[in-house]
Amino acid sequence: MAVDLRAVLLSAFDYKTEKYVIAKNKKVGILYRVIQLSLLGYIIGWVFLTKKGYQETEESIQSSVITKVKGVLLTNSSGTGPRLWGPEDYVIPQQVRAGLRICSSFTSHIISESFEADSELILCSVQSFKVLDGRCRKNEDCPEGEAVVAGNGVRTGRCLKKDRNSTGTCEIYGWCPIEKSHVPLLGKTENFTIYIKNFIRFPKFGFSKSNVLDTAGDSYLKTCLYDAIAHPYCPIFRLGDIVLRSGHDFQDMALLGGSIGILIEWHCDLDKGYSHCHPRYTFTRLDFNSTANSVSSGYNFRYAHYFKNPAGETHRTLLKVYGIRFDIQVHGRVCNRNIYSSVPSFLPV
């Protein structure tokens, strides 16, 4: 079949119009308008008002957290005698990244040890049948040079027993005597305060802010305590209030320690202005297990102080500390009007 090339070329210059069909049917017309209004409502209500689709968003927050604890108390126990506790004693270590650890109770052990000329530690018994790896019936049960699992030293090869037929414990090289259970509670620590200073910056918009009230003097920070309504820009928190906001009692938690997560959220709409960008705090206990007497709950650690007596013998004071660990995290999102955003154009006409 021959193709008329002239007709094909001329058809390229034809002007075409659409043909509309008007249906005189109320049901079809109502359905058509409902679809139109639904799409319009979705774009205005969800895309623009709820999700702020006309704005540009940034979530790459840059953050710095500085903490400081204040509070002093006096304890008087049979193990340590009168002792004054300040932040330099119960905050361990003094500076940690985005968090801190505060002693709430402690087990104190005065563990004396002297170094001889050849630097050997003195000998003593495991002294506790709770250490299963330290039990013995004969010397062969205490292989020389092997450490006692969950114990305090290295076996010497001797089994120490009261009599021939009894069960004894292995002799060890170690810091002796071993730990003693002595747990005084630092009860008034719930009245201590934590100063949490947080600086944030969103580099894309060049926006930065702090959770501290912008004031020339320091009188405000010396008297305020954080309150979400009355003092949202007071960065000073009472320990007991933090634990209470996590849903737990401070005195119960202080006995065996625990871990509290502090989340600082910055969700800011820059279209509303600088003054409408506020920090929001959330407090959660992280170590809590609902199972009664669960060994997974609580928090403790050990640290030691070394010193020499007048005779030149080295001693150490070992503290097993039950404390409250605070882990601080900062999340944020900021949005601002995007002048390059375009309005969707898929609405039916």
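The values are calculated or read from the model by the stated rules, or taken from the named source; none is laboratory data. Because the structure is predicted, anything quoted here is derived from the model rather than measured. Here the Cβ positions follow ideal geometry from the backbone for every residue, glycine too, while neighbour counts run over all protein chains shown. Accessible surface areas use protein heavy atoms only, side chains included; no ligands, DNA or RNA. Shrake-Rupley method; radii C 1.70, N 1.55, O 1.52, S 1.80 Å.
Output the residue which, of all residues in segment 151-166 that are at pLDDT 80 or above, out of contact with any Ser or Thr (no Cβ under 6 Å at 6 or more places or on another chain) and open to solvent by less than 60 Å² (accessible area, probe 1.4 Å), is farthest from L255 (Cα to Cα). Walk me through how you get there before you give the answer.
Filtering segment 151-166 down to residues at pLDDT 80 or above leaves 153-166.
Imposing the further condition that a residue be out of contact with any Ser or Thr (no Cβ under 6 Å at 6 or more places or on another chain) reduces the set to 153-159, 161-166.
Restricting the remaining residues to those that are open to solvent by less than 60 Å² (accessible area, probe 1.4 Å) gives 153-157, 159, 166.
Working: G153: 28, V154: 31, R155: 33, T156: 36, G157: 38, C159: 36, S166: 36 Å.
Per the stated criteria, the residue is G157.
Taking into account only those residues within segment 296-349 that are modelled with pLDDT under 65 and either open to solvent by 80 Å² or more (accessible area, probe 1.4 Å) or not in a loop (DSSP other than H, G, I, E, B) (or both), which is farthest from P279 (Cα to Cα)? So that I can check it myself, show each step before the final result.
Keep residues of segment 296-349 that are modelled with pLDDT under 65, which gives 338-349.
Filter once more, so that each one left must be either open to solvent by 80 Å² or more (accessible area, probe 1.4 Å) or not in a loop (DSSP other than H, G, I, E, B) (or both): 339-340, 342-343, 345-346, 349.
Numbers: I339: 27, Y340: 29, S342: 31, V343: 32, S345: 37, F346: 39, V349: 45 Å.
Checked segment 296-349; the qualifying residue farthest from P279 (Cα to Cα) is V349.
For T223, indicate whether it is of a type in the set (S, T, N, Q) and open to solvent by 60 Å² or more (accessible area, probe 1.4 Å).
yes
Here is a list of conditions, (1) in contact with a Gly (Cβ under 8 Å, 6 or more places away or on another chain); (2) open to solvent by less than 50 Å² (accessible area, probe 1.4 Å); (3) closer than 21 Å to I66 by Cα, and H267 meets all of them except one; can you say which number that is?
(2)
Check Q36 against each of (1) of a type in the set (S, T, N, Q); (2) at pLDDT 85 or above; (3) more than 30 Å from P87 (Cα to Cα); (4) part of a strand (DSSP E or B) and name the one condition it does not meet.
Only one criterion in (1) of a type in the set (S, T, N, Q); (2) at pLDDT 85 or above; (3) more than 30 Å from P87 (Cα to Cα); (4) part of a strand (DSSP E or B) is unmet by Q36, namely (4).
Output the number of the condition that F283 fails; it satisfies all remaining conditions of (1) open to solvent by 50 Å² or more (accessible area, probe 1.4 Å); (2) in contact with a Gly (Cβ under 8 Å, 6 or more places away or on another chain); (3) within 24 Å of K70 (Cβ to Cβ).
(1)
How many residues does segment 134-155 hold that are under 13 Å from Y173 (Cβ atoms) and touching an Asp or Glu at 6+ places or on another chain (Cβ under 8 Å)?
Of the residues in segment 134-155, 6 are under 13 Å from Y173 (Cβ atoms) and touching an Asp or Glu at 6+ places or on another chain (Cβ under 8 Å).
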